[in-house]
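S.K.: Handing you this structure, nothing more for now.
The values are calculated or read from the model by the stated rules, or taken from the named source; none is laboratory data. Only a predicted model underlies this, so the values are computations on that prediction, with no experimental measurement involved. Neighbour counts are summed over all protein chains in view; Cβ atoms, including those assigned to glycine, are modelled from backbone coordinates with ideal geometry. Quick note on the areas: whole protein, heavy atoms, side chains included, nothing else; ligands and nucleic acids left out. Shrake-Rupley method; radii C 1.70, N 1.55, O 1.52, S 1.80 Å.
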Amino acid sequence: MSHFVRTVVPTPAHSTLAGPLTYLSELPLAPGTLVRVPLGRRELLGIVWDDDADDAPGAGMELRPISAVLSGLTPLAAPWRQLVTFTANYYRRGLGEVALAAVPPQLRDLVPAQLARRLKRRSAAANPSEVHPAPPLTPEQQAAVDDIGRGEGPFLLFGATGSGKTEVYLRAVACALEAQPDAQALVLVPEINLTPQLHARFVERFGEAAVVAMHSGMTPAQRLKSWLAAHAGEARIVLGTRMAVFASMPHLRLIVVDEEHDPSYKQQEGARYSARDLAVYRGKLEGAKVLLGSATPSLESWQGANRGRYTRLHMPSRVGAGVLPKVRVVDMTKQPRGTVFSPPLVAALRERIARGEQSLVFLNRRGYAPVLACGACEWKSDCPNCSAYRVFHKIDRTLRCHHCGFAERVPRACPACGNVDIAPVGRGTERIEEQLIELLGDARRPDGEPARIGRMDADTTRLKGALERQLAEVHAGEVDVLVGTQMVTKGHDFRRMTLVAAVNADSALYASDFRAPERLFSLLMQAAGRAGRDAAQADASEMWIQTFNPEHALFAALKAHDFPAFAERQLKEREQAGMPPFVSQALLRADARTQEAAQAFLAAAAEAADGVEAGEHVTVYSPVPMTVQRVANVERAQMLVESASRVALQRFLANWPLYELRTKGLIRWAVDVDPLAI
């Protein structure tokens with residue numbers, strides 16, 4: 001007797017095959033079972049899904065049999081399938097697309113015999129590693145750990161930089177694992193470069209066999225190995241980036257989201273999910289506690305705590321009674337025109353070098369200069385494929401587009417007029433590094449050696465092992481002044497660092513994005529947190545901010561290290577303006593061969609919105625080009641949809657007939673629910 005088996009497969013986005021397909025099986029298969037199934041001329045990995053009586057195959061329909069069952073793996077659990085279903089529905093993507101993207105790429109290509117060999121090789125026990133005892137907790141840390149142990153959550157751990165949030169995570173994980181013999185914990189970090197040092201701390205505390213990493217920087221074989229260990233319950237702790245929120249963990253009891261405010265938790269392609277929001281939802285599904293941590297929580301989470309949805313835990317003091325760095329604001333309107341480093345800042349950097357302390361100079365723009373321009377005509381280093389400039393990278397003499405990747409050698413003369421006097425305009429980290437080498441060339445360390453200037457950004461850490469090597473050099477004191485982008489401002493524990501400087505802090509003050517002030521405050525607060533982490537040097541630690549707007553309220557709150565005051569002011573402004581978190585938003589994005597085709601699709605979508613269920617509670621705005629209108633010769637446009645009710649917006653999106661729209665020249669379209677950038 002054959003059985004009908006509902007199976008999800010990786011179907012193209014917005015195709016008519018978005019839901020489960022029906023196959024035949026000789027044996028009944030439990031939901032969550034991984035199978036190999038035919039689709040067209042290909043054979044794909046599929047996942048047996050929950051039965052739906054409304055989707056029984058029609059009479060006379062010819063069904064194909066399942067090719068093979070991956071019987072070596074236990075079925076994916078019901079809460080995992082519910083998480084995937086919710087993600088697909090909420091973020092308006094195909095069920096199979098979300099489900100199969102959540103399993104390791106290598107698993108999608110394995111047949112049962114290959115999987116069996118992998119499982120057999122993996123069965124060898126890992127060597128036990130030395131486990132280090134936990135340090136004593138501060139009273140604030142102990143109170144937070146006690147509250148997490150007693151309460152239900154979700155919890156928002158609002159702790160100052162250097163207050164010891166990581167130790168609270170370690171203790172919360174330890175409590176969860178001790179409470180249940182097979183319990184598992186998931187720890188999310190925003191970026192890959194934070195994973196190695198946090199992984200080392202968890203291995204130090206729990207042993208190497210208990211901890212696995214999961215992020216896109218791993219090889220396919222490594223990702224598969226980690227996923228299998230988590231799925232089997234052998235890995236007690238999974239540490240990863242946003243993709244790890246979908247890790248199969250049958251005994252999940254705790255989810256930690258470190259730096260929960262970070263925009264990196266929002267996926268920007270495919271299913272545009274928020275890993276932070278899905279972590280909270282998954283905790284509810286699994287009965288697991290959820291702990292969100294940050295020194296600068298997102299305004300959505302802060303408002304959630306204000307409304308009682310989250311339990312707020314406060315740790316205002318640094319470990320070791322260290323004080324937060326003093327914030328010095330330099331008024332650049334009083335400096336000579338064209339000044340990059342004010343004389344007081346240069347003097348402060350020299351003092352740190354002479355004392356053997358470290359400094360961090362922060363600029364969130366890599367490359368040498370954002371534009372190369374001709375002084376004789378109007379030529380600038382435009383990208384031929386994008387409506388953006390190519391960035392000048394002096395180290396390899398290239399002009400490189402950071403949007404599409406197009407690169408070529410710097411021309412010897414202006415391509416338009418032949419003038420040889422083409423010059424860089426603006427500054428990136430390469431140019432800042434070069435200027436510091438000139439300014440501090442005669443500065444000496446306590447041992448009489450010249451000062452050493454280092455740079456850490458996406459260019460210097462591109463090669464495998466480069467990030468770990470550079471971090472080791474900074475920790476060993478081999479770098480006196482570190483120039484870096486935002487990647488060095490997050491989570492790193494630089495014990496010798498006593499000065500942090502933001503040389504161009506105004507760039508986001510008057511941006512068109514309403515979230516720009518929130519991001520700037522968070523970035524500067526996190527950057528300041530790299531200074532004075534050693535309590536013995538905390539009194540001498542400083543954060544220098546060079547600005548042309550020294551009286552701005554954001555800098556006043558920063559000087560007082562007063563995030564609550566900044567948050568309340570921002571929330572009040574957003575409520576008055578009708579912005580999130582007081583309304584819910586979605587963006588419909590369209591990519592096409594021409595801007596006219598993209599906007600025509602959006603105009604048709606706006607017309608199709610008339611009469612849609614819940615449409616009376618939704619505002620559909622006019623289509624507009626995106627900020628960077630063209631990328632890789634693809635024109636991009638967007639249309640904002642907004643509602644005061646999240647439920648009404650979801651009902652509207654579910655019934656909006658976008659699949660029926662056809663526009664000549666359209667390449668793709670996508671719905672971005674809860675967008676972070678507009």
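S.K.: Can you give me the long-range amide H partners of S645? Hydrogens built in the peptide plane at 1.01 Å from N, cutoff under 5 Å, separation of 5 or more residues or another chain.
M.R.: Amide H to amide H, under 5 Å and 5 or more residues apart or across chains, S645 pairs with S584.
S.K.: Something else about it: Give the percent of DSSP beta bridges with both residues in segment 170-312 that are antiparallel, rounded to the nearest 5.
M.R.: Of the beta bridges lying entirely in segment 170-312, close to 5 percent run antiparallel.
S.K.: Give, in nm to one decimal, the length gained when the segment between N419 and R337 is fully stretched (0.36 nm per residue of separation minus the Cα-Cα distance).
M.R.: Gain in length upon complete extension: 26.9 nm.
S.K.: Between segment 237-309 and segment 327-385, what is the separation of their alpha carbon centroids in Å?
M.R.: Their Cα centres are 36 Å away from one another.
S.K.: Once the whole set of protein chains is in place, how much accessible area is left on S643, using a 1.4 Å probe, in Å² to the nearest 10?
M.R.: In the full protein context, S643 sits at about 10 Å².
S.K.: Normalising by the residue count of the chain, find the relative contact order in percent from Cα pairs under 8 Å and 6+ residues apart.
M.R.: Worked out over the chain, it gives 11 percent.
S.K.: Which translational diffusion coefficient, to the nearest whole µm²/s, is obtained for the chain from the Stokes-Einstein equation, given a Kirkwood hydrodynamic radius over C-alpha pairs, 4 °C and 1.567 mPa s?
M.R.: 47 µm²/s
S.K.: While we're looking at this one, here's another question. Note down, for segment 529-678, the three equivalent ellipsoid semi-axes (square root of 5 times each alpha carbon gyration tensor eigenvalue), biggest first, whole angstrom.
M.R.: Value: 41, 21, 13 Å, ordered largest first.
S.K.: Figure the gain on full extension for L119 and Q82 (residue separation times 0.36 nm, minus the Cα-Cα span) and round it to one decimal in nm.
M.R.: This chain segment gains 10.7 nm when fully extended.
S.K.: Skip the ligands, DNA and RNA, and give the accessible area per residue of segment 423-565 with a 1.4 Å probe, whole Å².
M.R.: Result: 40 Å² of accessible area for each residue.
S.K.: May I pose another question? Hey, how much of the P(r) for segment 525-611 falls beyond 22 Å, as a percent of Cα pairs?
M.R.: 60 percent
S.K.: Another one. Measure off, as a whole percent, the carbon and sulfur share of the 1.4 Å-probe accessible area of segment 294-430, all protein chains present.
M.R.: Heavy-atom surface of segment 294-430 belonging to carbon and sulfur, 1.4 Å probe: 50 percent.
S.K.: OK, next. Could you sort the peptides 262-270, 291-299 by per-residue average Cβ neighbour count (10 Å cutoff), highest mean leading?
M.R.: 291-299, 262-270
S.K.: Still on this structure, I have one more. Please give the solvent-accessible surface of R242 in Å², to the nearest 10, using a probe radius of 1.4 Å with every protein chain present.
M.R.: Rounded to the nearest 10, that gives 70 Å².
S.K.: For the pair N633 and H314, what calculated FRET efficiency results from E = 1/(1 + (r/R0)^6), where r is the Cβ-Cβ distance and R0 = 60 Å, to the nearest 0.05?
M.R.: 0.75
S.K.: While we're looking at this one, here's another question. Jot down the per residue volume, in cubic angstrom and as a whole number, of the convex hull over the alpha-carbon atoms of segment 395-474.
M.R.: Looking at segment 395-474, the number lands at 137 Å³ per residue.
S.K.: Taking the dipole about the Cα centre of the chain, with the C-beta of Lys and Arg at +1 and of Asp and Glu at -1, give me whichever of V69, G283, N306 is farthest to the positive side.
M.R.: Checked the options; the winner is V69.
S.K.: Net charge within 14 Å of G149 by Cβ-Cβ distance, Lys/Arg positive one each and Asp/Glu negative one each, not counting G149 itself?
M.R.: Once all neighbours under 14 Å are counted, the net charge is 0.
S.K.: What are the equivalent ellipsoid semi-axes of segment 442-522, built from the alpha-carbon gyration tensor (square roots of five times its eigenvalues), in whole angstrom, biggest first?
M.R.: 28, 17, 11
S.K.: Next up: Could you calculate the FRET efficiency of A606 with R646 from 1/(1 + (r/R0)^6), where r is the beta carbon distance between them and R0 is 22 Å, rounded to 0.05?
M.R.: The calculated FRET efficiency here is 0.55.
S.K.: Averaging over all projection directions, find the projected area of the Cα convex hull of segment 104-224 and quote it in nm² with one decimal place.
M.R.: 9.6 nm²
S.K.: Starting from 0.36 nm per residue, how many nanometres of slack lie between E378 and N655 once their C-alpha separation is accounted for?
M.R.: Length difference between fully extended and current span is 94.8 nm.
S.K.: How large is the Kirkwood hydrodynamic radius of segment 559-647, in angstrom, based on all distinct alpha carbon pairs?
M.R.: Here the Kirkwood hydrodynamic radius works out to 15.1 Å.
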